[in-house]
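The values are calculated or read from the model by the stated rules, or taken from the named source; none is laboratory data. Given the structure is predicted, the values throughout are model-derived calculations rather than measurements. Backbone-built Cβ (ideal geometry, glycine too); neighbour counts: all protein chains shown.
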Amino acid sequence: MAHPVAAALFDTAIGCCAIAWSGDAVIRFQLPEASPAATRARITRIAAGYPSAEVHERAPTAVIAEAIAGIRAHLAGELDDLRWIPVDTSAIPAFHRAVYAVTRAIDPGHTLSYGQVAERVGAPGAAQAVGQALGRNPIPLIIPCHRVLAADHALHGFTAPGGIDTKRRLLTIERTPGFGEPTLF
């Protein structure tokens, strides 16, 4: 039996974020949209795609409240890998889950290239497929797709609200060196 899906909005140092969960596992996360109402609409719409009933806004469970506290602290500059937050990726295709597992292992302040992620999932040469999987990441920040860069360390298409500016802001919060400028070699 599927658990009902619940969602909550919460303020952070970068704006109003949203989180959706089933049981005690996060199934969706939303970076700030242009307004809290837009963030609410987006989390409700994307969480409704989870194989379950409709989404209800609720007070967070203890586990989700702890996750929200960790996310707030991280976005305020108290860096945390957030790997302790339980996520449910069971409704996600296997290749995407593999990409997300590699991505989730990247520590704050560090990056990998799309090609390096492809190699680590056993699909060398599949950098474009990695980029497509990361573009569909339903749990950004907790699964830190912003830590995956082009081979030249330049910032390219980031599908989260705010696009590349959001990616740059997250990497700056994490004090990540050497991103955004193409390398000479």
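For this structure, a couple of remarks:
- Residue count, the range 71-87 (criterion: among the aliphatic types (A, V, I, L, M) and not in a loop (DSSP other than H, G, I, E, B)): 4
- The set of residues in the range 107-142 that are within 12 Å of the chain's Cα centre (by Cα) and assigned to a loop (DSSP other than H, G, I, E, B) comprises Arg136, Asn137, Pro138, Ile139, Leu141, Ile142.
- Residue that is part of a helix (DSSP H, G or I), among the hydrophobic types (A, V, I, L, M, F, W, C), at pLDDT below 95 and under 14 Å from the mean Cα position of the chain (by Cα), where the choices are Ile68, Ile46: Ile46
- Every residue from the range 97-114 that is buried (at least 18 other Cβ atoms within 10 Å of the Cβ) and not aliphatic (A, V, I, L, M): Tyr100, Thr103, Arg104, Thr111, Tyr114
- As a summary of the residue check, Ala25 satisfies the conditions (1) under 16 Å from the mean Cα position of the chain (by Cα); (2) modelled with pLDDT under 95; (3) surrounded by fewer than 19 Cβ atoms within 10 Å (Cβ to Cβ) except for the one numbered (2).
- Of the candidates Arg175, Arg97, Arg136, the single residue that is touching a residue at least 12 places away in the same chain (Cβ under 8 Å), of a type in the set (Lys, Arg) and either farther than 28 Å from Ser35 by Cβ or in contact with a Gly (Cβ under 8 Å, 6 or more places away or on another chain) (or both) is Arg175.
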